[in-house]
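What follows is a set of notes on a single structure, which appears directly below.
Every read-out reported here was derived from the displayed coordinates using simple, explicitly stated rules and does not represent laboratory data. What you are looking at is a predicted structure, and each value in this text was computed from that prediction instead of being measured. Positions of Cβ are backbone-derived with ideal geometry, glycine not excepted, and every protein chain shown enters the neighbour counts.
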Amino acid sequence: MSTHTNITFSKEELARYNRHIIIPEFGLEAQQKLKAAKVLVVGSGGLGSPVLLYLAAAGVGTIGIVDFDVVDDSNLQRQVLFGVESIGKHKVDAAKARLEALNPHINIILYNTQLTSQNALDIIKDYDVVADGTDNFPTRYLVNDAAVLLGKPNVYASIFQFEGQVSVFNYRNKEGVLGPNYRDLYPTPPPPGLVPSCAEGGVLGVLPGIIGSLQALEVIKVVTGVGEPLVGRFYIFDALNFESRTFNISRRDDNPLNGKNPTITALIDYEQFCGVKAVEKPIKEITAKELYDWQVKGETFQLIDVREPHEYDIVNIGAELIPLATVATNADKFSRDTKVVVHCKMGGRSAKAIRELEEKFGFTNLYNLKGGILGYIDEVQPELTKY
Amino acid sequence: MATVIIPTPLRKFTNNTARLNIQADTIEKTVSELTFNFPELKKHLLDEKGQIRSFVNIFVGNDDIRNLQQEKTEVKADTVISIVPAIAGGVQ
């Protein structure tokens, strides 16, 4: 951790942090540690929002934010860092404005980029703690491996639909004993397609608020040394049943990063590791503009929507509805005589449907609508409802 | 009968049931019984070789079966078994 002994506070800061300083177990020293600390928050979305708000409010002296995304109106259901005025802005810029309004006494450093194997070590090395709030397996493993290689604690949280997970990885306690990391818990990721992303599966908006707040709590404990951080323990929360459980986890000898015989000594290609590249057999694509041309010219083709019925009810472009899970059983409904354009919300599920139909049923006439219905709305029919 | 807690992402394969009571004396038999009753669970829990997938953790009480006797871990009538797959959501 960064040194804290010569940290001083202005009159305004002392007034601001008074409710921390008067807690006997916390005191001025913990507040000094917070001000001296450098915390990197990877992802400023659902989890990043509460993490950043609470860390900024708590007085973490230097906060780094990594995000390459732009604020979209579908973010506002859960990403409480942003408001209507943030839509269309880079998330890091909108986050900085909000956090500076909340606490002008802290330093915010922005990385308007995607974390990659090329830049991760360089970005993370300057920080004391990493808080991982990313949304995909390749970046999860990347953050984990970079934190382990650099010897940084990684405060992990993850959410899906109604379920949340929290743990503190790669933390060395006062006795010098190192705790487990993500690879001890999950040695390998699920193959692509088996676990849907939040963009496909959804997430209850308040869930990242709950789980991200727990993540912020653990960052503060790691930084200050107050309490027992969630090391060697793995917390899960089921919002549907309001049940939480805390499991014991431990380091494993076969961990390729820091087990008995480490085989990973540098960052790898995480897209490949997670199988993202391996299954990406090219499929035929059509852009929203090309589809519109076909429609205008009266070209013969079949249009199929593989989203769920409730999504279809929100907005549709007149396609025949065959949800992804039922595509194989309805393969006979896909024409073999004309071109078939398949779409979903953003293009991921329709690509899966096309691959399944090509592999199992030998279709050769299927086209994926690039960007899905959202892309079509942007390019062709902006008056339609986006979700 | 042991209680198996199904995580929310897999409940669509168990008729939205969160807790199932399974009559079995080991984890292996519990999983086998589960996948027999709910065949769609199989590809999410087991790989092609029939082994528990490495992105699915099974806990007996508070402990990871990998730190116990793996699939041979004993299950008693009052055992609570939790299935916890990896999830990656956070930003989007």
Legend entry - Set of lysines with alpha-carbon distance to residue A:174 below 24 Å, sequence-local pairs under 8 removed: A:33, A:35, A:38, A:125, A:152, A:221, A:260
Legend entry - Rounded, prolate or oblate (a/c below 1.5 giving rounded, otherwise prolate when a/b exceeds b/c) for segment A:93-247 by Cα gyration tensor: rounded
Inset, instruction - Would you mind checking which residues have amide H under 5 Å from residue B:57's amide H? H placed 1.01 Å from N; only 5 or more apart, or other chain. - result: B:84, B:86
Inset, instruction - Taking the Cα centre of segment A:291-333 as origin, work out the dipole magnitude from +1 charges on Lys and Arg Cβ and -1 charges on Asp and Glu Cβ, in debye rounded to 20. - result: 80
Legend entry - Computed log₁₀ I(q)/I(0) - Debye formula, equal Cα scatterers, no solvent, the protein assembly as shown, q 0.06, 0.08, 0.10 Å⁻¹: -0.30, -0.53, -0.82
Inset, instruction - Answer with one residue from A:181, A:141, A:341: the one whose Cα lies farthest towards the positive end of the charge dipole of chain A, charges on Cβ with Lys, Arg +1 and Asp, Glu -1. - result: A:181
Inset, instruction - Note down the net charge around residue A:175, summing +1 for each Lys or Arg and -1 for each Asp or Glu among other residues with Cβ under 15 Å from its Cβ. - result: +2
Inset, instruction - Quick one: check the C-alpha center-to-center distance for segment B:18-92 versus segment A:336-373, whole angstrom. - result: 34
Inset, instruction - Place a +1 charge on the Cβ of each Lys and Arg in the protein assembly as shown and a -1 charge on the Cβ of each Asp and Glu, then give the dipole magnitude about the Cα centre in debye, rounded to the nearest 20. - result: 660
Legend entry - Computed [θ] at 222 nm, helices only, for chain B once each DSSP H run of length n ≥ 4 contributes -39500 (n - 2.57): -4000 deg cm²/dmol
Legend entry - Average other protein chain Cβ within 10 Å of Cβ, residues B:46-56: 2
Inset, instruction - Could you work out which residue, out of A:352, A:360, A:89, moves most in a Gaussian network model of chain A, that is, has the largest mean-square fluctuation with Cα springs under 10 Å? - result: A:360
Legend entry - Electrostatic dipole magnitude of chain B [Cβ: Lys, Arg +1; Asp, Glu -1; Cα centre; debye, to 20]: 280
Legend entry - Average beta carbon contacts from partner chains per residue of A:69-78, 10 Å cutoff: 1
Inset, instruction - Mind counting lysine pairs for me in segment B:2-85? Cα separation below 23 Å, and the two need to be 8 or more apart along the chain or on different chains. - result: 12
Inset, instruction - Report, ordered by chain and residue number, the lysines lying within cross-link reach of residue A:297, taken as a straight Cα distance under 16 Å and ignoring same-chain residues fewer than 8 apart. - result: A:289, A:339
Legend entry - Leading residue at positive end of dipole, the protein assembly as shown (Cβ point charges), from A:318, B:7, A:165: A:165
Legend entry - Value of [θ]222 nm, deg cm²/dmol, for chain A, DSSP H segments ≥ 4, -39500 (n - 2.57) each, nearest 500: -9500 deg cm²/dmol
Legend entry - residue B:63 versus residue A:320: modelled label distance in nm, points set 7 Å from Cα along the beta carbon direction: 5.6
Legend entry - 4 °C / 1.567 mPa s Stokes-Einstein diffusion coefficient of segment B:2-85, Kirkwood radius on C-alpha pairs, µm²/s: 103
Inset, instruction - Have a look at B:62, B:44, B:20 and report the one farthest towards the positive end of the charge dipole of segment B:2-85, computed about the Cα centre with Cβ charges (Lys/Arg +1, Asp/Glu -1). - result: B:44
Legend entry - Separation of alpha-carbon centers, segment A:220-235 and segment A:80-98, rounded to whole Å: 30
